1. Heavy-atom accessible area per residue, the chain, 1.4 Å probe: how many Å²?
2. Cα to Cα, under 27 Å, and not fewer than 8 places away if on the same chain: which lysines meet these conditions relative to Lys263?
3. Let me check against my output: what whole-number percent is the relative contact order of region 1-83, with C-alpha pairs under 8 Å and at least 6 apart?
4. Which value at 222 nm does the chain reach when only helices count, each DSSP H run of 4 or more adding -39,500 (n - 2.57), with the total divided by all residues and rounded to the nearest 500 deg cm²/dmol?
5. Expressed as a whole percentage, what fraction of the accessible surface of the chain belongs to carbon and sulfur atoms when a 1.4 Å probe is rolled over the protein heavy atoms?
6. If you take every residue apart from Leu249 with its C-beta less than 9 Å away from the C-beta of Leu249, what net charge results, scoring Lys and Arg +1 and Asp and Glu -1?
Amino acid sequence: MRPKEFGQMIKKGECPPVVFFLGDEDYWKGLYIRTLCSRLFKNNESTLNFFVLSASNIPPPEVTDQANELGFFGSKRLIHYKHIDELDSEEAQCLVRYVKSPNPDTVLILDTDEPELPKSMSLVTEIPVAEVLFIIGKNNRAELKDFIAFRLRELGNLTLERGLEEDLMEAFPANLRLLSSNLEKMAAHRNYLSPLTRKDFLVVSPLLGEINNFVFLDAVVEKKLSAALQIKTHLSRNKELVFPLVGLLRSQFEKLLTAKEMKKQQMASKEIESRCRISVNSWAREKFWRQCDHLSEEELNRKYSLIAQCDYQLKTSGI
C-alpha cells in the first residue's frame, strides 16, 4: 500500500488494527498519525490514548500489553512503535503473535526507517489483518506531483507557474518535509496569491532553488566554503548523484588545467575553447575564463589531485 491509498482509507474511516510504516520519509508518517488522531479521538482524548514508544528502550511485551488494554472513555488506542528493526528475532516474534490476533480497538503502527520489513517479521505479510505501508525516502514522480498538488490545495488552492513543478521535484526528490516547508514559505512570500513563481522559490531558498552539480562546481571554484558544504550535503543525500558529481569536477578541472597550460603557450582563446570543448554560449565562456583566472596553477593542481584521488577511491572501493 502506498501513502496515498492509506490516506484514502483513513478518510473513509477505515484502518486495519496493525500497520507497518517502512522507510525514512517522515512527512507522510507525521501527517497520517495526526490524521488518525483526529479521526479516532475527540477533545483531549489523544493525550490519554495515543502513545509513542521506541524499540530502543521499550520491549515488545510491554507494547502488546498496552495494545490489549481498553482505551480511556471507550476510545480506541493508537500506539506508534518506532525502530522495530532494532529488535532481535525472539523479541520480534512477540509482535508477530500479536499481529495474528490483534485488539480491534487499538491501531498499532510498527515503524522502521528501513525500506523493507525486518527479516524476523517477514511472515506478517501473510497475515490478513496487517497492512504494509511503504513510505520510502525516494518518492516516484507521480507521488511527488500528488504531494505538491495536495499541499497547494491546503495552502488555498494555489497554482505554480509553468516549469516550477519540475524544479521543485528535482530539488527535493527525497525530502517531503523540506519540499512542504519551501512551498509554505513561497506561499507566504506571495501573500497566498497564485501563481507561485520561480522568483519566489529563489527568494525563500536561494541555494536549493538552483542546486545541481554545476552550482556546486561554481561554489568550489569561487571558494565559497559554506555554500559548497551546504550544496554537497544536499546532493550527497542521493547516492546516485555522487559518481557524476565527482566525474563533473574532474572533467572541469582537467579543462581548467589544460586552458592554463595552453594560455602559457600563448595560444589563441578560440583555439583553447575549441580544444577544451567550451560551450559557444557567451555566458558559459565568460564563466569558464573567470574560473580559470580565479585559481592559480598551484591551486588547480592541488584541487585536481584531491579530486583524482577521490575518483579513484570511489571506483575501487565503492565507498
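The values are calculated or read from the model by the stated rules, or taken from the named source; none is laboratory data. These numbers come from a predicted model, not from an experiment. Because the Cβ atoms are built from the backbone with ideal geometry, glycine has one as well, and the counts that use them run over all protein chains shown. Remember, those area values only see protein heavy atoms, side chains included, never the ligands or the DNA or RNA. Shrake-Rupley method; radii C 1.70, N 1.55, O 1.52, S 1.80 Å.
1. On the way: 17750 Å² over 319 residues.
It amounts to 56 Å² per residue over the chain.
2. Within reach: Lys223, Lys224, Lys255, Lys287, Lys303.
3. Values: 55 pairs, mean separation 24.4, N = 83.
Relative CO of region 1-83 lands at 29 percent.
4. Working: 15 runs with 175 residues, N = 319.
For the chain, the value works out to -17000 deg cm²/dmol.
5. Numbers: 9230 of 17750 Å².
Of the solvent-accessible surface of the chain, carbon and sulfur hold 52 percent.
6. Numbers: positive: Arg250, Lys303; negative: Asp311.
Residues close to Leu249 contribute a combined charge of +1.
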